[in-house]
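The values are calculated or read from the model by the stated rules, or taken from the named source; none is laboratory data. Quick caveat, the model's predicted, so the values are computed rather than measured. Glycine also receives a Cβ, built like all others from the backbone with ideal geometry; neighbour counts cover every protein chain displayed.
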Amino acid sequence: MQEINAVLISKEDNVVVAREKIEKNNDVVYMDLDGKINSFKAINDIKIYHKIARNEIKKDAHIVKYGEHIGVASEDIHIGNHVHEHNVIGVRENLDELV
């Protein structure tokens with residue numbers, strides 16, 4: 001069995017978080033919330049605690065972590081891509097509309 005090196009926080013998340021440094025072309029391995037082991041190749045070097053796309057994310061789509069929108073993709077992001085400020089636009093949602 002492959003060693004788990006990334007974490008999925010919420011079923012809705014389109015990213016996982018690296019538990020350790022993951023080098024380009026190495027496997028990103030995580031357990032989904034149903035206990036199934038999933039893996040894909042890292043397209044870039046990934047620093048510890050950084051996000052990695054686990055789904056294809058189209059430009060202008062929400063980046064979802066913790067089951068919440070944390071930003072918007074500034075370009076198409078492919079499975080295995082590092083997800084960080086170079087390809088994410090931070091957006092502040094209007095929280096007043098939620099009350």
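Observations
- Residues (without any contact (Cβ under 8 Å) to a residue 40 or more places away in the chain and outside any strand (DSSP E or B)) located in the range 78-93: HIS78, ILE79, ASN81, HIS84, GLU85, HIS86, ASN87, GLY90, VAL91, ARG92, GLU93
- Against the test of being modelled with pLDDT of 95 or more and among the charged types (D, E, K, R), the options GLU93, GLU85, GLU68, GLU75 yield a single qualifying residue, GLU75.
- Scan of the range 46-55 for residues that are surrounded by 12 or more Cβ atoms within 10 Å (Cβ to Cβ) and more than 17 Å from LYS11 (Cα to Cα), ordered by number: ILE46, LYS47, HIS50
- Scope the range 31-67; condition among the charged types (D, E, K, R) and in contact (Cβ under 8 Å) with a residue 12 or more places away in the chain; matching residues: ASP32, LYS41, ASP45, LYS47, LYS51, ARG54, GLU56, LYS58, LYS59, ASP60, LYS65
- The strands (runs of 3 or more DSSP E) found entirely in the range 1-77 that carry 1 or more residues being in contact with a Lys or Arg (Cβ under 6 Å, 6 or more places away or on another chain) and of a type in the set (Val, Ile, Thr) are 15-18.
- Positions within the range 56-83 being under 19 Å from SER10 (Cα atoms) and loosely packed, with under 15 Cβ neighbours inside 10 Å, in sequence order: GLU56, TYR66, GLY67, GLU68, HIS69
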